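First the structure, in the form of C-alpha cells, and then the observations on it.
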There are 4 protein chains.
Amino acid sequence: MSNSYGKIFRITSFGESHGAAVGVIIDGCPAGLEITTEEIQHALDRRRPGQSKITTPRKEEDKVTILSGIFEGKTLGTPIAMVVNNKDQASKDYNHIEQAFRPSHADFTYTAKYGHRDHRGGGRSSARETVARVAAGALAAKLLEQQGISIRAYVSQVGNIKLQKPYTELDLSQIDSNIIRCPDGQTASRMIGLVEEVRDSLDTIGGVVSCVIQGVPVGLGEPVFDKMHAELGKAMLSINAVKGFEYGSGFEGVRMRGSAHNDQFYTDEAGTVRTRTNHSGGIQGGISNGQDIYFNVAFKPVATILQPQQTINASGEDITLQGKGRHDPCVLPRAVPIVDAMAALVLADFLLRQQANKVQ
Amino acid sequence: MSNSYGKIFRITSFGESHGAAVGVIIDGCPAGLEITTEEIQHALDRRRPGQSKITTPRKEEDKVTILSGIFEGKTLGTPIAMVVNNKDQASKDYNHIEQAFRPSHADFTYTAKYGHRDHRGGGRSSARETVARVAAGALAAKLLEQQGISIRAYVSQVGNIKLQKPYTELDLSQIDSNIIRCPDGQTASRMIGLVEEVRDSLDTIGGVVSCVIQGVPVGLGEPVFDKMHAELGKAMLSINAVKGFEYGSGFEGVRMRGSAHNDQFYTDEAGTVRTRTNHSGGIQGGISNGQDIYFNVAFKPVATILQPQQTINASGEDITLQGKGRHDPCVLPRAVPIVDAMAALVLADFLLRQQANKVQ
Amino acid sequence: MSNSYGKIFRITSFGESHGAAVGVIIDGCPAGLEITTEEIQHALDRRRPGQSKITTPRKEEDKVTILSGIFEGKTLGTPIAMVVNNKDQASKDYNHIEQAFRPSHADFTYTAKYGHRDHRGGGRSSARETVARVAAGALAAKLLEQQGISIRAYVSQVGNIKLQKPYTELDLSQIDSNIIRCPDGQTASRMIGLVEEVRDSLDTIGGVVSCVIQGVPVGLGEPVFDKMHAELGKAMLSINAVKGFEYGSGFEGVRMRGSAHNDQFYTDEAGTVRTRTNHSGGIQGGISNGQDIYFNVAFKPVATILQPQQTINASGEDITLQGKGRHDPCVLPRAVPIVDAMAALVLADFLLRQQANKVQ
Amino acid sequence: MSNSYGKIFRITSFGESHGAAVGVIIDGCPAGLEITTEEIQHALDRRRPGQSKITTPRKEEDKVTILSGIFEGKTLGTPIAMVVNNKDQASKDYNHIEQAFRPSHADFTYTAKYGHRDHRGGGRSSARETVARVAAGALAAKLLEQQGISIRAYVSQVGNIKLQKPYTELDLSQIDSNIIRCPDGQTASRMIGLVEEVRDSLDTIGGVVSCVIQGVPVGLGEPVFDKMHAELGKAMLSINAVKGFEYGSGFEGVRMRGSAHNDQFYTDEAGTVRTRTNHSGGIQGGISNGQDIYFNVAFKPVATILQPQQTINASGEDITLQGKGRHDPCVLPRAVPIVDAMAALVLADFLLRQQANKVQ
C-alpha cells in the first residue's frame, strides 16, 4: 500500500468507504498558514454527493473535524490531522456484492492482492477516499493562493460533447455557475442533458476534466524524474476512474512539425520572458517557465450501472449482478474539485521543494 | 533535483550530455540475478545514435562499464554502478547557444532554476540522460523475464500516420524488423518516408509509442497513490519530449457508456479469472488483474530544428538562432527502448514491493 | 517536520498534548493480521499515566479507537488509523508557561523554528506523542510474535543504581512484577526508593532502559546506511529525553582488544551457526546474525521540576518559573513500553524489507 | 540494501572493496557551490591508508574523479558523481577467507542474506566504502562552512586511555598535529604508544571519537522522528565498527537530578538566547538551540587480527584462521574524517530541509 503523496508537503490518506471514518494527515505544511474549518469544508462541499440532480442522491454531510496541527487559527508546522466520519453508510445495499466481483471494479484485484476485503461500498477502492485529498488540497490551495497561484479545473467533455474553445476563450469564473461545472453555458446545458439521458437509461458516461494553473513562478519542478508534468500526471492518474493525462499540445501535438510546435521566446514590455505560443503547456524540461500550465484528464464511465451484468463470484462461478444503491451517472462534476485538490498538492510540494534547492 | 526512481528497485541517474560520463546506480536489485555486460550493451545499442539513416548521424559507441554490484556474473545485492563515457562530444557545435535560450528547450528554465547551466548539448536536460535508464532497465527486464513478464514497445504513430491495428492483431516479434520500429511493415514504410521528408525539409515530427506488457501476475500496483498506471504514467512522462499518457481505453474511452465499457469477468477452462474485453488495460483499482497491460505515450516533435528561429539570449534580447550539429528528425525509433526500460523499472519495483506486502 | 517512520511498515504520528487527539496511521501493515482493540489497549495501558505511585498522577484513560484498516478482526492491507482523544487536558496548568521558555524543554526551539507554538503541555514536543508509537507498536509486535520474535525492555539503571546482572541472568518474565519494571526484585526496590526520594525532594532523575530481542532470523538489516543497529539507534534516540544508545559491547567494548572482543563462530548440534560470545550484540555488518540483539538507551532526568528555576520569557527577559501540574519524577517505568514499541516498529519494517530483497 | 542517506542533500554510495571502483552520487546539492577537486581530495587524504606508522601500510592513492554535476568550478544543481578507482587490490591476500567466516566480520551475515558475496577484502562490508562518505562530506562541509558552521571530530579515547578534558578546554586547531588526531599532545603520545604496543602484539584496540559542531543556527532538526540527535546517531552508527552514540550529557547524565541537569536560559549582551550550561548538547526537542552540538561515538576494536582464531567455514566446519594482509591496529585516527563527513552530511541535509519549512 502507498497512501502517502508528496515529498515535503506530504499527505497520508486513510479510510474505507463504509468504515468509521475517512481522513488525512498533512505532514510538512509550513507553520503560520491561516486557515479556517470553513475553508476546508467549502472544498469538501464541492465534492459532496447529493449536490445536484445529476449526482448520486446519497446524503452525506461530510463534516470535517480537525484533530491536530492548527492552533489559534494558524498551522503549527506539526501534522494536521483531519477526519470525516462516515454517516450514511447504507451498508445493506452492498450485501449482494459481498461474494461478487463487480465488472471493472477493484473487487477482484483487492481480493487477490490482500486475501480479503471490506466489500461495503468498495471499501478502500471507493472514490470516497478522495475526501482526504480534497480536505488536504484546501490547505495546499490556501498556501498557493498566498503566492499568487490559482488552479481552476472544469469539465471540458462529456461523452461525445466536447467543449471546442480553448481555456483562453473561457470565463473561468463561471465554472460553478452550473451543475456540470463547464464554464461555457451552452455546452454545459448539452452536457447536462446527456447525463440525464444516460442516467435515465440506467447507464453511465465518461468525460474529460481540463485544468489551468496560473501565476506559477519560473523554476518549479524537479528533473529528471519528478518533472512538473510527470508529478501532475501521476497525481491525476491516481484519482479513481482516470485513464489518461496530457498537457500542453498533448496527443494532438504529435501531428505537428517542430517548426510549428516550438514556442518562441520574447521579452515583454515589463521585461518578463514569455513565449508567443504555449504548446509547452507552461513546462519545459520538467520545470515551469512562467506561462500558464494546462492539462487534460480522461475519466472513464462509472463502472456501477443499474443494469444486470454478467460476472463471477468469489468461487469463480458465473452470476448475474445488478447495481443497487445510489450512484453517479457521471463523475465529472464531482471530479472537478478532486483535480483541483491534486493539482494544489503537486504545486505546493514543488513550491516547498524549490525552497530546499538553495541556501538563503 | 530528483534523480532517483523506484521504491525498492531504485535507480539514481547522473551525467551531463557533454560532461565526462553518464551513468546509473541501481540499489535494491535482488542478489543472484545472472546478467552479462553484453545483455546490457544490447539494450543500449537499440538506443544508440547513428543506428540508421533516420536517426542522428552522431557516432557514439555508448560502451557500458560495470563498476560494482556484479561478481562472477551474478548480482551481489549491493549497488550496481554502470558508467558510459561521453566520447563524441563535439562541444564546439554548442558555442552558439551558450548565451541563447533555444525555443521549447530547457535552456531558459534550467538557467532560471539553477542560476547557471552546462549549455553543451543541453547538459543534464539532454535525452542523453536516458542512457542511464536503458542500462538500468536491462537488469529490470532480466528480472521480469525470469518471472515470465515481457514488455514490448513499438511506434504506433508518426505525425498523421497512425497504425490502425490494435496490438492484438500485430506480430510483436517484428518490432525490430525495420528502422522505425513499427511491427506492421506497410505502415512502417510510410512512417519512414514521412521522417525522411521531414528531415529533408530541415524539420522534425512527433509520434506515439505504444507498449504491451504480458505475463504480469495479478496483484501488482500499490493504491491509492502508487497505482500501477499512475507509476507507469509518471515514468513515461519523465522521458524527454513526452506530452501524454493513456492506458486501456484511454481518451477515447470517455465517449463510451459504462454498459459497453465494463469488462465482464469469466473463468476460463484452466480456472483462471479473465475478462471478456480489456478496456481496463489490465489494471483495476490500480492493481494488475492478469490481463495484458497496454498504454500509449505521446512524443512531441524534436525541438532542435535546422532552420532559423526567433528567440532571445540570456540578456533578454531578440536573436535569430539556427540549429547546428547532428540531430534526430524524429525521436520515435530511439524512444522505443527507453519506453521499454521505464516500463521494466516500474514493473520490477512493483514486483519487489508486492513481496514486502506479506510475511512468508 | 518528519512524523513518519519506517520504509515498508510505515507509521505517521500526529497530535498535540492538549489538542483534540493524538493518533497514528500505519501504512504497509500486511493484510490478514489478526488483532483486537484489547491487544492495542493493553500496550497503551502499560504506558498510561497514573498507573502507580511513582508516575504522574494525571488520570487519562487513553482509550484507543480504530478508524480504518481493520475489518472483521483482521488487517485489510489498507492504512490503519487509530485515535486517542485527549481527555484530562487541564490546560490552565500551563497558562504560566505561555510566554516562558522552560529550561531544557523545547519551548524555545519550537518557537524559533515554527514562529509560534501550542504551549499547552508542550504541545507536539510532549512525550504524549508516544501514545501513537505504542499503539502502532502493538501491531508490529503482533506481527513479530507470529514469526517467533520477542522484544523485552526493562529498567536497568535509575540514577546511580545500576543493575549489575546481564540480561542472561535475569528472568525477563518478571519485568512487570514491580512498578519500576526492573526484573530483579531487590534492585527494583532500591530504584523505587530512589524515585520516591527524588519525587519528595521535588526533583527528577534519569536512568537506562535495556532491551533484548530474541528469535530474530539471520539476515535482517539493510547496509550500508540502514544497518540494524543504526535504525534501532535512530528509533530510540527519537524518543523524548533519550541521550544515548549502545548495543552489544557498547561504550565499554572500546577498552577491549580485538582478540578478546571477537565472537568465534561454531556450529551447534542442531547445525545452526552460533557465536561463543556475543559482543556483537546479535548484529554483524548491520545484519542480524541470529544471536540475541541487546542494547541500552539512556534517558535524562525529566526537565519539569517542581522547584523555582531561572529562565527567560519570550521577550528575552529573566524570569523565575516554577513547575506546576502533575509530572513524572522519573520516566523510566513508562519508557519501557515505548522502547518496546520502537524496537517492534524497527524489526517489523526490516522483516518486510527483507521480503522485498528477493523474488519468490 | 539501502545505500542512500539524506532527504534533500542525498547521497548514494556504491562499490566493493576490491571491485573496479568505489564512489558516490550526491543528488540535491544546491547549484552554485564553488568546489575544487583538491578540496575533495584533501578530505580523502585524511582518510587514506598508509598515512602514518599506526595505520595500515596499504598504499592506495584514492584519487577522486568527478564525472558530473560540476561545471566551471561550480555545482550545477544536478547529480554530482565521484569515483575512486581501486588500485592496490592485492586480492590474493583474501583467497584464504573465500570459504571462511571471519569472527566479528560480516562474512556470515552477508552470505546468509544475499546467498553469495564478494569475499575479497570484505567486499561491500569493508570500511573502504567510507571513501564515498568522505568525498560527499567534503561538499557538505563546504556548504556548511559558507554558513559559518564548523565540524571538528577528534580521538578522545583509545582503550583505557581517555582524554579527561572537555572540548571547551582543548585547542581544536591541533587535531591534525599528531597521527592519532587527539588535540591534547600528552594524551596523544600515550594513545600512540598504546596503539603501537597493541600492533606489535598482533592485536587491535577500540576507542572513542568525539565531535563538536559550532555555529549551527537555531532551528535545525525535524521532530518527531528525524530529530537532530536521532539522525546524527543513525549516521554515526552506520559507520563500520561503531557500537554506541551519546550526545550532550549522554550516559553519564542519567545519574544527575533534573535540578542540576537543566540548562538555564539567559539573554546575552548581544541579545542572543543562550544557556548557562549545555547538558542538552545544543539540541532541545530534537532541534538545535544555537549552542554547541557535541557527541561521542564508540568504535570497537578492529575485527581482523594477525593471530590464529577459531571459526567455521561456509560448510559449518571448524577451522583455524589467521589474518593476513595489511590492517589497522586501531581505526580511530582514520575514523575522524569519516565522523566529520557524516556529521556534515546530516547538517547539510537539515539546513536544506529547514529551507523547505517555509515559503519565502
Can you list the aspartates and glutamates whose alpha carbon is less than 15 Å from that of A:K142, not counting same-chain residues fewer than 8 positions off?
A:E34, A:E38, A:E39, A:D340, A:D349
Build a GNM of chain D with springs between Cα atoms under 10 Å: which of D:L44, D:L220, D:L67 gets the top mean-square fluctuation?
D:L67
Length-normalised contact order for the stretch A:34-83 - Cα pairs under 8 Å, 6+ apart - percent:
33
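In the stretch C:136-192, which trypsin sites (Lys or Arg not before Pro) fall in coil by DSSP and have 13 or fewer other Cβ atoms within 10 Å?
Passing sites in the stretch C:136-192 do not exist.
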How many nanometers, to one decimal and shortest first, lie between the label point of B:Q174 and those of its other copies, if labels sit 7 Å from Cα toward Cβ?
5.1, 8.3, 8.4
Using a cut-off of 13 Å between beta-carbons, work out the net charge of the residues near C:F265 (Lys and Arg +1, Asp and Glu -1, C:F265 not included).
-2
Could you tell me what percent of the accessible area of chain C is made up of carbon and sulfur, with a 1.4 Å probe and every protein chain present?
46
In Hz, Karplus ³J(HN,Hα) per residue of the stretch A:313-325 (6.51, -1.76, 1.60; θ = phi - 60°; x = Gly, Pro)
9, 5, 8, x, 8, 5, 9, 10, 10, 10, x, 10, x
Label-point separation, D:E252 to C:Q146 (7 Å along Cα→Cβ), nm:
4.8
Note the direction-averaged projected area, equal to a quarter of the hull surface, for the Cα convex hull of the stretch C:169-243, in nm².
6.9
Inter-copy label distances at C:I319, 7 Å along the Cα→beta-carbon direction, one decimal in nm, shortest first?
6.2, 6.6, 7.0
How many Å² of accessible area per residue for the protein assembly as shown, probe 1.4 Å?
31
The alpha-carbon center of the stretch B:246-278 and that of the stretch A:198-243 are separated, in whole Å, by 23
Amide H to amide H under 5 Å from D:I319: which residues, 5+ apart in sequence or cross-chain, H placed 1.01 Å off N in plane?
D:T311, D:I312, D:N313
Pairs over 20 Å Cα to Cα, from C:K162/D:K227; A:K7/D:K113; A:K162/A:K243, come to C:K162/D:K227; A:K7/D:K113
A:T277 and B:E34 label points (each 7 Å along its Cα→Cβ direction) are spaced in nm at 5.3
Asked for the total accessible area buried by B and A (1.4 Å probe, Å², nearest 100), one would answer 8000
Where in the stretch D:1-72 are there GluC sites (Glu not before Pro) that are in a DSSP coil and have at most 15 other Cβ atoms within 10 angstrom of their Cβ?
D:E61, D:E72
How high is the relative contact order of the stretch D:4-357, given as a whole-number percent (alpha carbon pairs under 8 Å, six or more residues apart)?
23
Within 10 Å of the Cβ of an average residue in A:99-107, the count of other chain Cβ atoms is 6
Largest-first ellipsoid semi-axes for the protein assembly as shown, taking √(5λ) over the Cα gyration tensor eigenvalues, angstrom
50, 38, 31
Taking every residue of A:15-22, the Cβ atoms of other protein chains inside 10 Å of its Cβ average out to 5
Hydrodynamic radius (Kirkwood) for the stretch D:4-357, which is based on Cα pairs only, to one decimal in Å:
21.4
Hey, can you grab everything whose amide H is under 5 Å from the amide H of B:V224? Only 5+ residues off in sequence or another chain; H modelled, so Pro and N-termini drop out.
A:S2, A:N3
Tell me, for the rotation carrying A onto C, which chain A residue has the beta-carbon closest to the axis and what that distance is in whole Å.
A:T12, 2
Can you run phi through the Karplus equation (6.51, -1.76, 1.60; θ = phi - 60°) for the stretch D:197-212 and list ³J(HN,Hα) in whole Hz, with x for Gly and Pro?
4, 4, 4, 5, 8, 6, 10, 9, 8, x, x, 10, 9, 9, 9, 10
Output, in nm with one decimal and in ascending order, the distances from the D:Q146 label point to the matching label points of the other copies (7 Å from Cα along Cα-to-Cβ).
2.8, 4.5, 5.2
Considering only A:Q322, A:Q51, A:Q214, give the residue with the highest GNM mean-square fluctuation for chain A, with springs between Cα atoms whenever their separation is below 10 Å.
A:Q322
Once phi for every residue in the stretch C:263-279 is put through the Karplus expression 6.51 cos²θ - 1.76 cosθ + 1.60 (θ = phi - 60°), the whole-Hz ³J(HN,Hα) values, with Gly and Pro written as x, are 9, 6, 7, 8, 9, 7, 4, 7, x, 8, 6, 9, 10, 6, 10, 9, 5
Can you compute the helix-only [θ] at 222 nm over chain B? Use -39500 (n - 2.57) per DSSP H run of at least 4 residues, normalise by all residues, nearest 500 deg cm²/dmol.
-8000 deg cm²/dmol
Heavy atoms of B:H96: accessible area, 1.4 Å probe, square angstrom to 10
60
Listed by chain and number, the residues whose amide H is under 5 Å from that of D:K7, excluding neighbours fewer than 5 places away on the same chain and using placed H, are none
Using only Cα atoms and rounding to the nearest 10 degrees, what angle (0 to 90) does helix A:37-47 make with the longest principal axis of chain A?
70
Multiplying the sequence separation of B:V359 and B:S201 by 0.36 nm and subtracting their Cα-Cα distance, what value in nm do you get?
50.8 nm
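The values are calculated or read from the model by the stated rules, or taken from the named source; none is laboratory data. Note that this is a predicted model, so its numbers are computed, not measured. For neighbour counting, all protein chains shown are included, and Cβ atoms are generated from backbone atoms with ideal geometry for every residue, glycine included. Ligands, DNA and RNA are stripped out before the accessible areas are found, and what is left, the full protein with its side chains, is counted by its heavy atoms. Shrake-Rupley method; radii C 1.70, N 1.55, O 1.52, S 1.80 Å.
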